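A.B. asks: Below is one structure. I have some questions about it.
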Amino acid sequence: MIFSFSSRTIKIEIPAREVGKLIFFKLFYVFYMVILPAYVLPFGWGTILLAFLLNHFMVSLIFVGVLGVSHLSDFVRHPLPDHENRLSMSWAKLQMQTSVDYDTESVFFNWTLGGFNAHALHHLLPNISHVHYLKILPIFRDLCKKHNIVYMEMPYHHALKAHFRFLKGMGSQEHFTPRNFEG
């Protein structure tokens with residue numbers, strides 16, 4: 001994206017000042033996460049680099065385990081834009097078709113994940129604190145039912161299975177067709 005090349009359908013022009021800030025902060029990150037610890041701590045470069053890579057590996061697993069299951073599921077639709085790069089649906093409907101919620105009744109999940117398990121609400125109400133999601137969810141479910149909007153909600157283990165089915169399907173089929181959600 002820095003060089004105005006992107007595989008996405010959207011081309012983004014990034015101002016030179018922002019590119020400079022991006023490079024500066026990336027270098028600063030490497031400095032305080034790798035170089036500084038190598039000089040300050042009594043470990044060798046190999047140990048520091050291994051810790052750095054393990055940290056990123058664990059964060060990536062958590063990220064996929066929390067957010068991947070919400071968007072990369074065999075129930076999720078991935079609508080394509082028309083010839084003018086426009087979708088034939090509202091932003092809110094897109095959020096509902098591309099988000100799966102899991103264990104939304106769980107105080108533990110809502111507290112530890114900051115509401116990301118109530119992912120549709122997170123997208124639809126980004127300015128509402130996650131601490132209110134448990135109170136809003138019953139109203140949200142009723143509104144979805146009233147307006148015949150499919151609200152995809154399931155236990156985490158079902159969402160995780162759907163995530164792996166999606167990955168398998170994407171790897172073995174040219175055109176993946178999502179499953180119908182019946183909740």
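A.B. asks: How many Lys pairs in region 70-172 lie less than 21 angstrom apart by Cα atoms, where the lysines are 8 or more positions apart or on different chains?
C.D. replies: Working: LYS93/LYS145; LYS93/LYS146; LYS135/LYS145; LYS135/LYS146.
For region 70-172, the number of qualifying lysine pairs is 4.
A.B. asks: If you take the square roots of the eigenvalues of the alpha-carbon gyration tensor of region 7-68 and sort them as a ≥ b ≥ c, do you get rounded (a/c under 1.5), prolate (a/b over b/c) or oblate? Working shown, then result.
C.D. replies: Numbers: a/c = 3.82, a/b = 1.40, b/c = 2.74.
Here region 7-68 falls in the oblate category.
A.B. asks: Is it possible to state the helix-based mean residue ellipticity at 222 nm for the chain, with each DSSP H run of 4+ residues giving -39500 (n - 2.57), the sum divided by total residues, to the nearest 500 deg cm²/dmol? What is it?
C.D. replies: Details: 8 runs with 89 residues, N = 183.
The per-residue figure over the chain is -15000 deg cm²/dmol.
A.B. asks: Under 21 Å between alpha carbons, and skipping anything fewer than 8 positions from LYS21 in its own chain: which lysines qualify?
C.D. replies: LYS11
A.B. asks: Taking amide H positions as placed in the peptide plane 1.01 Å from N, state which residues far from GLU153 in sequence (5 or more) or on other chains have amide H under 5 Å from it.
C.D. replies: ASP101
A.B. asks: While we're here: Sorted from largest down, what three extents in whole angstroms do the Cα atoms of region 70-172 have along their principal axes?
C.D. replies: The Cα atoms of region 70-172 stretch 41, 29, 24 Å along their principal axes.
A.B. asks: FRET efficiency for GLU182 and PHE57, Cβ-Cβ distance as r, R0 = 30 Å, nearest 0.05?
C.D. replies: On the way: r = 36 Å, r/R0 = 1.20.
Approximately 0.25, to the nearest 0.05.
A.B. asks: If only Cα atoms are counted, what is the Rg of the chain, and what is its Dmax, in Å?
C.D. replies: 20.4, 62
A.B. asks: Sorted by packing (mean other beta-carbon atoms within 10 Å per residue), highest first, where do 122-132, 69-79, 84-94 land?
C.D. replies: Details: 122-132: 13.0, 69-79: 19.0, 84-94: 10.5.
So the order, starting with the most tightly packed, is 69-79, 122-132, 84-94.
A.B. asks: Something else now. Enumerate the helices in the chain for which the Kyte-Doolittle hydropathy averages 1.6 or more and the C-alpha atoms extend at least 18 Å along the helix's axis, using complete DSSP H runs.
C.D. replies: Working: long enough: 16-30 (21 Å, 0.88); 45-63 (27 Å, 1.83); 133-146 (19 Å, 0.22); 156-172 (24 Å, -0.36).
What comes out of the filter, once short or polar helices are dropped, is 45-63.
A.B. asks: Still on this structure: If I take R0 = 30 Å and measure r between the Cβ atoms of HIS132 and LEU160 in this structure, what FRET efficiency does the formula 1/(1 + (r/R0)^6) give, to the nearest 0.05? Walk me through the intermediate numbers first.
C.D. replies: Working: r = 26 Å, r/R0 = 0.87.
Using R0 = 30 Å, I get an efficiency of 0.70.
Here, each number is a calculation from the coordinates, and none is a lab measurement. Just so we're clear, the structure is a prediction, and the values are computed from it rather than from any experiment. Glycine gets a Cβ as well: all are built from the backbone with ideal geometry, and neighbour counts include every protein chain shown.
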